[in-house]
Structure formats: structure tokens, C-alpha cells
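Some notes on the structure that comes next.
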Amino acid sequence: MIVKGRIAVIGITHIQGQVKGPKGRQAGVRFLVDSGATYSVLPGNVWERIGLKAKRKMGFTLAEGTTIERPVSEAYVVLPQGEAHTPVVLGEDGDQALLGVVTLEILGLVFNPFDRTLKPMRVLMC
């Protein structure tokens, strides 16, 4: 388990990506791929740099059971495997950048724990 700031995460691999804000400002981000996280998280210095603003607040339960409240916004995420708009938690300075399940699903990706890579998801239309 890794603890950065106040968000505790469990992860196995990292991926380099870009995030863009509503006015086109962008930043490089080294995401920890965390299949246990629902939403992706951007550290304070990243989301502030690209000009994100909170759209709402949500409560989150950390791995060790603590509940915290964080603002949520939306960013454009660019990875080698694809790009899309996704909800993101506006973390604090020192929080780990996480790539969560919602972002992976929006991009049509799944994490393969055996070779620590992102693979295309098998998508059913029904």
C-alpha cells in the first residue's frame, strides 16, 4: 500500500499520460494504474496548472477505511492507448496521480495484472 498525502492506494504499475483543461492547458502526468480506485485523481499542482474548477464534491472511502471529501471535475486524458474526457478527483498537493476504473472503462481498457499492461476491453453490445 502506498500513502501519499491523505489518499491511500494500492497499485502495481505506472503509465505516462497528458491531461488537458477546458482552455487547452496541459500537463504531463505519471499515473499509478489503480484498478481499486473508482475515479482518477490529479494532484493539486496538476489540476491547478491546467485550470480545472470543481463541479461538485463527493465522499470517498480510502483503503484503510477513512472517509474524505474531495472536489470532482472533468479533464481530457491522453494515454498511448487512447484519449477521452473523464471525471477526475481534484486531489491535494502530494496526492498520487491515479488512473481509476471509470477512466479505463471510458477508454475501453482493462488492466492485465499478469504483464502489468493496459489492454483493449472486450465490449458487449446488449
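None of the figures in this text is laboratory data; all of them are computed from the coordinates on show. Remember, predicted model here, so these are calculated numbers, not experimental data. Because the Cβ atoms are built from the backbone with ideal geometry, glycine has one as well, and the counts that use them run over all protein chains shown.
Summary of computed values
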read-out	value
Global geometry of the stretch 85-126, whether rounded, prolate or oblate, following the gyration tensor of its Cα atoms and the 1.5 cut on a/c	oblate
Structure-derived P(r) over Cα pairs in 10 Å bins from 0, in percent - corresponding label in (i) 14, 42, 33, 10, 1; (ii) 13, 48, 32, 7, 0; (iii) 10, 29, 20, 17, 14, 7, 2	(ii)
Net charge of neighbours whose Cβ lies under 14 Å from the Cβ of Gln26, counting Lys and Arg as +1 and Asp and Glu as -1	+2
Residue exposure sequence - Met125, Met58 - by fewest surrounding Cβ within 10 Å	Met125, Met58
Under 5 Å, built H, 5+ apart or other chain: amide partners of Asp95	Gly44
Length added when fully stretched, Arg25-Thr61, from 0.36 nm per residue minus Cα-Cα	9.9 nm
Estimated inter-spin distance, Ile68 and Gln81, nm [label 7 Å along Cα→Cβ]	2.5 nm
Extension gain, Glu48 back to Ile106 (0.36 nm per residue minus Cα-Cα distance, nm)	18.5 nm
Relative packing of peptides 86-93, 65-72 - highest average C-beta neighbours within 10 Å first	86-93, 65-72
Sum of -39500 (n - 2.57) over DSSP H runs of 4+, divided by residues of the chain (222 nm, nearest 500)	-2000 deg cm²/dmol
Percentage relative contact order, the stretch 44-126, counting C-alpha pairs under 8 Å, at least six apart	20 percent
